[in-house]
Amino acid sequence: MSGEGLVSVIVPVYNVSKYIGRCIESILAQTYTVLEVLLIDDGSTDGSGALCDRYAKCDNRIRVVHQQNAGAGKAREKGVQLSRGRYIAFVDADDWIERLFLETLLRDITESGADIACCDLREMADGRETNRFHTCTDKRIVRFKKDFFDDLLKGGAKYGYVVWGKLFRSELVRTLPFDEIRFGEDTLYMLKVLSRQPIVSLNPYQGYVYVRREGSVTIQAGDVCPDMALNYVYIGSAIKDFAEELDRPQRKVAANYYAKKVYIALSFVLRANGCAAEGEVRLFLEKHARSALCLPDLKKKLRVMLRWYLMFPRGYDVFVGCALKWKHIGDRINHARG
């Protein structure tokens, strides 16, 4: 199969036997048919891998790779390494794409000369469509790093936070690794991509269907597990680094974004550990708290709280514990009145 015009669609697969069929069939039903489908079975234990093999026997555009569980990022990375297409799209196994998805994004790339084409999404939860967030709200072209930054932190467009819902020129992402973190690897990856200052085409066409389901990593992130809270710090640090070459107002926004992520991670981790962050976790938080305090233009509240933590960590632990306790009591009182 020639790489000219070929689109490689990469799907990381892990224990999604209830959903993977719908996802694969939506890809095979695309109006743009010059494609290969790379299904990366990331150590599934529920029969998902066997389902992928069955689909591969029915359509020679499908290739299946079975590997030990390494996470969605590494599964996508393997797919990129094996891909032969001139263009690459990522689709999550529990989501699906509309029939015109590839045709629309490929046309946007061709007409605009873009390196990445992005579309909007429809979100489904419990079988019903929601309107929680959008990746692209208007049709436009983005060319400059400062505009990517404004979209990331100030605007309504969330295209910089996820890898799905897009079509990439393969040479743009071929050599970029995914970070080995549980939550937020999409954002870190997209920051690497956008740091290369590609031309990005945005289209409000709702061609990607995102399924929010119980048990997914994203939903679990809402429970704020300690490792996910620490990953917020990685994202904040990456956005701070992303803004280093920008003007001072944007650097100021990025610095406070980073410091706030450190502050939030402190509160989350202390709550999860009974107000006692120890060992490597404490050293990690202290390192980033000091790094944040070295930045100019921090808001007073963030500066005071981070200094307090570094000077009196036990006192900070107790304060957070009391604050969370009183918040919990207040919530219960309001609920009872409710």
Practice problem: Have a look at L51, L28, L6 and point out the one that is farther than 26 Å from Y205 by Cα, in contact (Cβ under 8 Å) with a residue 24 or more places away in the chain and not polar (S, T, N, Q). | Solution: L51
Quiz prompt | Residue ID - nearest to T45 (Cα to Cα), chosen from residues in the stretch 65-95 that are hydrophobic (A, V, I, L, M, F, W, C) and open to solvent by 40 Å² or more (accessible area, probe 1.4 Å) | solution = A70
Quiz prompt | Failed item in (1) free of Cβ contacts under 8 Å to residues at least 40 places away in the same chain; (2) of a type outside the set (A, V, I, L, M, F, W, C); (3) under 27 Å from N15 (Cα atoms), with S83 passing the rest | solution = (1)
Quiz item: Does R54 meet the test of being at pLDDT 95 or above, open to solvent by 50 Å² or more (accessible area, probe 1.4 Å) and closer than 15 Å to F90 by Cα?
Solution: no
Quiz prompt | the stretch 228-253 residues that are farther than 19 Å from F148 by Cβ, paired with ones that are aliphatic (A, V, I, L, M) and modelled with pLDDT under 90 (beta carbon under 6 Å, 6 or more apart) | solution = M228/A221; A229/A265; A229/V269; L230/A265; N231/I181; Y232/A265; V233/A265
Practice problem: Go through the stretch 98-135 and give me each residue that's touching a Phe, Trp or Tyr at 6+ places or on another chain (Cβ under 6 Å) and assigned to a loop (DSSP other than H, G, I, E, B). | Solution: T135
Quiz prompt | Single match in G160, G184, G207 (criterion: closer than 21 Å to I109 by Cα, open to solvent by less than 50 Å² (accessible area, probe 1.4 Å) and under 13 Å from the mean Cα position of the chain (by Cα)) | solution = G160
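Of all residues in the stretch 242-255, which are surrounded by fewer than 19 Cβ atoms within 10 Å (Cβ to Cβ) and either in contact with a helix residue (DSSP H, G or I) (Cβ under 6 Å, 6 or more places away or on another chain) or assigned to a helix (DSSP H, G or I) (or both)?
Quick first cut of the stretch 242-255, residues surrounded by fewer than 19 Cβ atoms within 10 Å (Cβ to Cβ) only: 244-249, 251-252.
Of everything in the stretch 242-255, those that are surrounded by fewer than 19 Cβ atoms within 10 Å (Cβ to Cβ) and either in contact with a helix residue (DSSP H, G or I) (Cβ under 6 Å, 6 or more places away or on another chain) or assigned to a helix (DSSP H, G or I) (or both) turn out to be L246, R248, P249, R251, K252.
Condition check ((1) open to solvent by less than 30 Å² (accessible area, probe 1.4 Å); (2) at pLDDT below 90; (3) in a helix (DSSP H, G or I)) across all residues:
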{"position": "S237", "(1), (2), (3)": "yes, no, yes"}
{"position": "K240", "(1), (2), (3)": "no, no, yes"}
{"position": "Y258", "(1), (2), (3)": "yes, no, yes"}
{"position": "G274", "(1), (2), (3)": "no, yes, no"}
{"position": "L283", "(1), (2), (3)": "no, yes, yes"}
Quiz prompt | Pick from the stretch 163-181, criterion within 13 Å of the chain's Cα centre (by Cα) and assigned to a loop (DSSP other than H, G, I, E, B), ranking: surrounded by the fewest Cβ atoms within 10 Å (Cβ to Cβ) | solution = E180
Self-check item: Per-region count, the stretch 61-97, residues part of a strand (DSSP E or B) and within 27 Å of A125 (Cβ to Cβ)
Solution: 4
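The values are calculated or read from the model by the stated rules, or taken from the named source; none is laboratory data. Bear in mind the structure is a predicted one, so any value in this text is a computation, not a measurement. Backbone-built Cβ (ideal geometry, glycine too); neighbour counts: all protein chains shown. Areas reflect the complete protein model, heavy atoms only, side chains present, ligands, DNA and RNA absent. Shrake-Rupley method; radii C 1.70, N 1.55, O 1.52, S 1.80 Å.
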